[in-house]
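A.B. asks: One structure, as structure tokens, below. Some questions next.
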Amino acid sequence: MFRTAAALLLALAPAAIAQHADIDLSLGEDEDGVTRLVTGSSDFQNPGEPIIRGVRVFTATTGEGGIPGFTDDPGFNALAGELPPGALLGFDLVDALRLWSGSDFDTIATEPMRVSLFTMSRLTPPEAGGFTEGFEFAAIGSNGAVHSHINYRLEAPEQDGVYLLTIQLRLDEPGIEPSLPAFIIFNNNADPDEADTAAAWLEDLLEPDTCTADVTGDNQVDLADLNLVLANFGQTTENGDTNDDGQVDLADLNAVLAAFGTPCP
């Protein structure tokens with residue numbers, strides 16, 4: 001199911017729903033010190049912090065220019081100095097196109113989506129967890145900025161509904177890892193409230209699970225969890241292992257300390 005696949009692949013960073021059509025890009029370091037392309041969104045309500053970093057859920061509406069199933073939103077932005085000058089920005093499609101059922105995105109759409117620019121064109125993979133290699137579509141300017149759009153169009157026979165496209169952004173620059181998958185929710189002649197509901201559902205799904213620190217399973221991160229981690233520290237065991245890596249180590253201790261006192265309903 002999509003919920004299971006997303007939890008395994010994507011719950012590596014917090015998410016929020018974008019307040020603007022464009023996907024803003026910058027560079028960042030993850031907790032392992034890996035430099036990665038990071039998606040975000042412009043924050044027009046807080047001029048002192050123009051980009052909300054870590055946003056991975058974006059929304060768009062098809063029918064642009066009177067063309068059924070078509071839009072060139074969201075575009076892609078980077079402010080001056082954010083990206084390596086001269087690098088090429090590209091994308092890959094990392095899951096089948098999905099259709100909102102009213103409660104989840106488990107359903108694979110019968111029609112694919114075409115992502116294109118000029119003569120370059122790619123279709124979403126037909127299978128769950130599939131991969132379609134995309135193409136490079138923009139060059140980063142000499143000032144480290146970029147603004148570009150690509151085209152999205154539902155293939156016939158498109159149906160009214162809310163669709164989900166999963167896309168990964170990359171730079172052809174050594175040492176920079178691709179972004180975590182970003183999610184674009186397209187409203188194709190559906191009720192706007194339904195699209196908002198789908199976006200909120202996906203945002204909730206991507207929120208990090210603080211209750212992994214509840215290693216005793218009593219719905220509370222407290223002294224019992226800390227004692228279990230300390231009792232098994234340095235051992236290969238599931239007891240006290242918060243991140244399922246088979247080891248009870250500093251990462252597990254830090255997880256419990258960070259969530260200490262947190263209820264886990």
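A.B. asks: Count charges around Leu180 for me, please; just the other residues with Cβ under 12 Å from its Cβ, Lys/Arg as +1, Asp/Glu as -1.
C.D. replies: On the way: positive: Arg36, Arg53, Arg56, Arg170; negative: Asp30, Glu177.
With Lys, Arg at +1 and Asp, Glu at -1, the net is +2.
A.B. asks: Can you tell me the FRET efficiency between Thr236 and Ala258 if r is taken as the Cβ-Cβ distance and R0 is 30 Å, rounded to the nearest 0.05? Write out the running numbers ahead of the final one.
C.D. replies: Working: r = 23 Å, r/R0 = 0.76.
It comes out at approximately 0.85.
A.B. asks: For segment 210-259, what is the charge dipole size about the Cα centre, in debye to the nearest 20, if Lys and Arg each add +1 at the Cβ and Asp and Glu each add -1 at the Cβ? It would help to have the intermediate numbers written out before the result.
C.D. replies: On the way: 0 positive and 10 negative charges, 26 e Å.
Around 120 debye, computed over segment 210-259.
A.B. asks: Take the alpha carbon gyration tensor of segment 31-168, find the square roots of its eigenvalues, order them as a ≥ b ≥ c, and report rounded if a/c is under 1.5; if not, report prolate when a/b exceeds b/c, else oblate.
C.D. replies: The shape class here is prolate.
A.B. asks: While we're on this one: Using Stokes-Einstein with the Kirkwood hydrodynamic radius over Cα pairs, what translational diffusion coefficient do you get for segment 210-259 at 20 °C and a viscosity of 1.002 mPa s, in µm²/s rounded to a whole number?
C.D. replies: Working: Rh = 10.1 Å.
Once the numbers are plugged in, D ends up at 212 µm²/s.
A.B. asks: Tell me whether segment 139-255 comes out rounded, prolate or oblate; compute the Cα gyration tensor, take square roots of the eigenvalues as a ≥ b ≥ c, and use a/c under 1.5 as the rounded threshold. Walk me through the intermediate numbers first.
C.D. replies: Numbers: a/c = 3.56, a/b = 1.75, b/c = 2.04.
Oblate.
A.B. asks: Pulled fully out, how much extra length does the chain show between Met120 and Asp32, if you take 0.36 nm times their separation in residues and subtract their Cα-Cα distance?
C.D. replies: On the way: separation 88, 0.36 × 88 = 31.68 nm, distance 3.52 nm.
Length gained, Met120 through Asp32: 28.2 nm.
A.B. asks: Also, quick follow-up: Read phi for every residue in segment 33-39 and hand back ³J(HN,Hα) as whole Hz from Karplus 6.51 cos²θ - 1.76 cosθ + 1.60, θ = phi - 60°, with x for Gly and Pro.
C.D. replies: Karplus values, whole Hz, x for Gly and Pro: x, 8, 7, 9, 5, 10, 8.
A.B. asks: Among Asn239, Leu250, Gly217, whose Cα projects farthest towards the positive end of the dipole of segment 210-259, with charges put on the beta-carbon of Lys, Arg (+1) and Asp, Glu (-1)?
C.D. replies: Result: Leu250, furthest along the dipole toward the positive end.
A.B. asks: Also, quick follow-up: Let me spell out the model: positive unit charges on the Cβ of Lys and Arg, negative unit charges on the Cβ of Asp and Glu, origin at the Cα centre of the chain. What dipole size does that give, in debye rounded to 20?
C.D. replies: Working: 9 positive and 44 negative charges, 159 e Å.
Dipole magnitude for the chain comes out near 760 debye.
A.B. asks: Now for a different question. Once you put a point 7 Å from the Cα of Asn219 and another 7 Å from the Cα of Leu88, both along the Cβ direction, what distance in nm separates them?
C.D. replies: 5.5
A.B. asks: To make sure I understand, if each residue's beta carbon is the centre and we count other beta carbons within 10 Å, what order do Asp160, Asp30, Asp73, Asp95 fall in, fewest to most?
C.D. replies: Numbers: Asp160 9, Asp30 13, Asp73 20, Asp95 27.
Taking fewest neighbouring Cβ atoms as first place, the list is Asp160, Asp30, Asp73, Asp95.
A.B. asks: For segment 109-239, give the magnitude of the charge dipole about the Cα centre (Cβ charges: +1 Lys/Arg, -1 Asp/Glu; no others), in debye to the nearest 20.
C.D. replies: It comes to approximately 740 debye.
A.B. asks: Still on this model: When the Cα centres of segment 158-173 and segment 73-135 are compared, how far apart do they sit, in Å?
C.D. replies: Using only Cα atoms to place each centre, the spacing works out to 3 Å.
The numbers here are math on the coordinates, done by the rules we state, and not lab data. All values derive from a computational prediction rather than experimental measurement. Quick reminder, even Gly has a Cβ in these numbers, built from the backbone with ideal geometry, and neighbours come from all protein chains shown.
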